[in-house]
Amino acid sequence: MSLNSKAAPVSFRNVTKIYGKDVVAVDDINLEIEAGKLVTLLGPSGCGKTTTLRMIAGLEMASRGSIHIGDRDVTLLPATDRDVSMVFQSYALFPHMTVMENVSYGLGFSGFDKAETKDRAAQGLDLVGLRGFGDRLPSELSGGQQQRVAVARALVLEPQVLLFDEPLSNLDAKLRRQVREEIREIQQNLGLTVVYVTHDQEEALAVSDDIVVMRNAGIAQIGTPRELYDAPADRFVADFIGEANIIPCEIIAIRDDMASIRVGAFEHALPARGLQAGPALLAVRPTRLKIGASDGMDMTIAKATYVGSRMEYTLEAAFGQIFAISENVDAPLEVGSEITVGLDEIGPVLLPVDVTG
Amino acid sequence: MRELTSEKTTHPVLLFWIIAGWVGFFLLPWYGVEAFFSFEWMVDGYPFDPDYAPAGFLVAQGEKLWLAPMVLALIAPLAVLRKRKIDPIYAKMLILAGAFGFGWMILQGFAIGIRGWNFEWATALFGDLGDRQYGMGYGALICASAFLFLLTQGIAARGAINGDVFVVSAIGGVIVIVTAFVFFPIAKMLTAAFITDEGGYSVGVFLSKFFDDRLWGLGCLSGGRCGAAWNSLFLAVLVGFITTVLGLIFALVVTRSGFRYKRALRALTVLPIITPPFVIGLALILLFGLSGSVTVFFADVFGVQPTRWLYGLPGVLIAQTLAFTPIAFLVLIGVVEGVSPSMEEAAQTLRASKWQVFKTVSLPLMRPGLANAFLLGFIESMADFGNPLVLGGNFDVLSTEIFFAIVGAQYDQGKAAVLAMVLLCFTLGAFYAQRFWLGKKSYTTVSGKGDSGVHPHMPRALSVPVLVIAMIWAGFTAVVYVMIFYGSVVELWGVNNTLTFKHYVTAFSFRFEDGGIRWSGAAWDSFWTTLKIAGIAAPLTAIVGLITAYLLTRQSFAGKNAFEFGTMLSFAIPGTVIGVSYILAFNVPPIEITGTGIILVVSFIFRNMPVGVRAGIASMSQLDKSLDESSLTLGANSWQTFRRIILPLLRPAILAALVYSFVRAMTAISAVIFLVSAEYDMATSYIIGRVENNDYGLAIAYSTTLIFVMLSVVALMQVIVGRTEIGRRMTQSRSNV
């Protein structure tokens, strides 16, 4: 016998959550999460990502719309009745129970007999590398170990969906990378459906199959990490996932889905992404600027900062300031020098002009 | 896969309450039996004797036919026992059956009493009943609970509070008992104020009693006597003011001076908990009374004629100040410590001198806390009964006037009710001011951020007088407590000062006889009764208090604010008011418990419940909510979460609530004095009886014994609670390695 997965898909249909009379935390969202995938809810604080997670858990009830897990409508079910477990930001280990009792806690309510409960709990601890820690109290473990106990406690129930609420935020920077890799590994080995909340875009890019970027109680964009990074739907996503310089430009012509654009006197061609001729925005990652290219935009170096592995430049252009990164640390450019900045072939993307300022 | 509770077709909880209802109706005696805990009825004519018969037998014999409709409400739930919870008929049926059963129970209980119909119009409408009924007994009680919890299960099934049966039932249960034992008696008392001698209702009666000169007279301004209301008000304002000042002084000494014996001063805070309320008055009599040691000393040395100056405002004022200063101290320690040190340090770095910091930053930040301490002293003084009774003399205050209106020769329930209303208005006004006016003004909420600053010491100009006053008052308090002990071992105070254990022997002697112990002392009876009643009340108080605290901190539901206000209200109701309202309300069916031990237990539960609620809220808000939530997502329901996560983590709070309500039950006098009976006499009322017979020696010996009993209980708790805390800290420090 070993721990299995009963992974199930999750689907939100026109779900709205209103607190009190008129505080809209989640506004009419539709979301399909495939079974066996790790999906991250990403967004700035207050965007509704944690509320969305808690609605899956049954700790908050949707005000409108319906939520399905697997083929069952769970909209009205309380947390107790849903086949979902959750790893909390604070871990929420029960301080008066040993590690073993913590991990067995949920099994006791799921109709397992004593021997089976013990077996499964031991397996759960094995899985997170804590064999032999069963008799300790949570307070006798380090932060990273506590985190793993919390994961084991949720895993052993073989939930249809496993939820993580900012699981790494209480760990120090070094542990974070290690633990997130472990979580990803377990998820992939067991084929679990995982919904993961974070506000750290790097973490989201590293662990996810799909990322749901949320903004102002709604969904801004859904896609794989690569799609979001390379083809953000709008300025918000471009800026939130990785850093991006947003440069106003003019589309002068469109041919075969390729757009010719103009920024000041500089002209460039790139995929049109369905845009029409007229004003648009150009999103360029700091690493995708070619400093000192023969053909490009005229800029002045306003600031130059040496950060060890690279140089960071703030550049002054006619349309405003942009931020650029150069790998060339051996021959840094002087502040005040005039340069020409070109664009990489891949990387820069066109975005529609913001509808709302 | 988890089994869905909403799709199960077996409902053990529902089944339990249906069976309980049937047992209550068909097996247990419906009406109250003489002694609640005696089972004599089992062999005495049960089940056919009408006094002991279950409702089912009565109805079958054609008696008390008004009980019959409840059978419907007992049968109806059986129909949905096999239905699923989400089936709308399930919820509808339970709500209907529960509401009908419970409603009918109340209706018949109030409509039909010991003289048939309770209402004239009912007699006019239905004719003379020709039958009667007494107070509710086991059967009725269990049946009523069954109806209530059928109703709450129905409401839960309709989806209230996520369909959580435990939470809905707990809310329902708390509302019903608080209504029955707080609001109902108060309402009953208010109506009693309008009843004329002939039993009719009249506003005139109320007005004439309300505007009585004994209540509102201002004679004292021209050398005569003032009304009790003015006296109470004046006394309460004085006591509130003085205790706040003294409390602040003690708090400053403990937190902001280099004083070495701070721990000894902190011990002061335990005193009001363990001291029976009139003991300080007794000690003052030993010191300053006609034959008191100080009085005699002055008479001998200076030839001053001894007077009765102590009896009246001065005595009551001194006694209450002694008794309530520790309470203000306790409140103000928190306030003074709560002022963030970094604010004061910031002021210092902005070039304010120590005195300027205190005047411009520390004191203004404490202001809401000071007002809070004042209001507490005000409420305590208003509600105090023991000290005015012992020391009041001709200085009438409301709480004693109420007592004499009921107990004295006048026996005027209406007057007692009016007096109680005035008293209630004063204390509720102060309570309201405290909660709603001050509640939002506190500057001393401790934030989660670490504040590593240190409180600066007081400026010297302040610290010297503060220290002097604190020492004098602490010394005085010590003398008073020494007097209590000394007074208990003196033959006859002021007359014959030889040392003796006579009083202890009279009170607590016992003999070994026929292989057993014979408790021959005069005090044993009331002592055991007190222990028994306090012992029964304490766990019940803790349970009700903690469940209420759980609902208030962990659940959100419509009307939560009103719910909180209602449960905390009894804190502001003076004991004398509770006492009067209880004898008015529970002397007649449907709840007929006057003269039993139950009424004492019940009064303690609801007098002390706010303490349990506060203790529970304080410690539950320290438990992170994610603990409950993770338990829920792991498949436990809210009852299992409460039992397996919250209760174990609250063990110190539970213990504190238990001990505190036990001790308070032992020292209570104001409500108790109305509710005791020959069979159930409590220690405090026994002592007051001794005092009234001028038997001070015995009274003081008994009081001293009580103080030591309670001191050891409190100390025991400190040891146990202290130990659990140390244990936790040690494990934490290990985790930091």
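Some notes on this structure:
- Any chance B:Lys502 is under 26 Å from B:Ile280 (Cα atoms), crowded, with 16+ Cβ neighbours inside 10 Å and basic (Lys, Arg): yes
- Test: A:Leu175 is within 24 Å of A:Val207 (Cβ to Cβ), facing chain B (nearest Cβ under 10 Å) and within 23 Å of the chain's Cα centre (by Cα): no
- Take the conditions (1) free of Cβ contacts under 8 Å to residues at least 40 places away in the same chain; (2) among the hydrophobic types (A, V, I, L, M, F, W, C); (3) within 13 Å of chain B (Cβ to nearest Cβ); A:Ala115 misses just one of them, which is (3).
- Between A:Gly36, A:Gly70, the distinction of being touching a residue at least 60 places away in the same chain (Cβ under 8 Å), surrounded by 15 or more Cβ atoms within 10 Å (Cβ to Cβ) and within 14 Å of chain B (Cβ to nearest Cβ) belongs to A:Gly70 only.
- The residue list B:Ala299, B:Ala328 contains one member that is under 30 Å from B:Thr255 (Cα atoms) and either assigned to a helix (DSSP H, G or I) or β-branched (Val, Ile, Thr) (or both), which is B:Ala328.
- Cross-chain or 6+ apart pairs with Cβ under 9 Å, the stretch A:336-352 first and surrounded by fewer than 15 Cβ atoms within 10 Å (Cβ to Cβ), then among the acidic types (Asp, Glu): A:Glu338/A:Asp298; A:Ile346/A:Asp230
- Residue that is touching a residue at least 12 places away in the same chain (Cβ under 8 Å), surrounded by fewer than 18 Cβ atoms within 10 Å (Cβ to Cβ), out of contact with any strand residue (DSSP E or B) (no Cβ under 6 Å at 6 or more places or on another chain) and farther than 25 Å from B:Ser619 by Cβ, where the choices are B:Gly595, B:Gly579, B:Gly566: B:Gly595
- Residues of the stretch A:130-166 that are assigned to a loop (DSSP other than H, G, I, E, B), within 11 Å of chain B (Cβ to nearest Cβ) and either touching a Phe, Trp or Tyr at 6+ places or on another chain (Cβ under 9 Å) or touching a residue at least 12 places away in the same chain (Cβ under 8 Å) (or both): A:Arg136, A:Leu137, A:Leu141, A:Val156, A:Leu157, A:Glu158, A:Pro159, A:Gln160.
- Residue match in the stretch B:641-664 (condition: without any contact (Cβ under 8 Å) to a residue 40 or more places away in the chain, within 14 Å of chain A (Cβ to nearest Cβ), part of a helix (DSSP H, G or I) and within 30 Å of B:Ala140 (Cβ to Cβ)): yes
- Selection over the stretch B:582-609 of residues that are in a helix (DSSP H, G or I) and within 25 Å of B:Pro539 (Cβ to Cβ) gives a count of 15.
- Selection status of B:Ile19, surrounded by fewer than 17 Cβ atoms within 10 Å (Cβ to Cβ) and modelled with pLDDT of 85 or more: yes
- For the stretch B:260-288, taking the residues that are in contact (Cβ under 8 Å) with a residue 24 or more places away in the chain and not in a helix (DSSP H, G or I), the one that is farthest from B:Gly689 (Cα to Cα) is identified as B:Thr275.
- Residue match in the stretch A:86-94 (condition: crowded, with 19+ Cβ neighbours inside 10 Å, part of a strand (DSSP E or B), within 11 Å of another protein chain (Cβ to nearest Cβ) and out of contact with any Cys (no Cβ under 9 Å at 6 or more places or on another chain)): yes
The values are calculated or read from the model by the stated rules, or taken from the named source; none is laboratory data. Quantities reported herein were computed from a predicted structural model and do not represent experimental measurements. We place every Cβ from the backbone using ideal geometry, glycine too, and count neighbours over all the protein chains shown.
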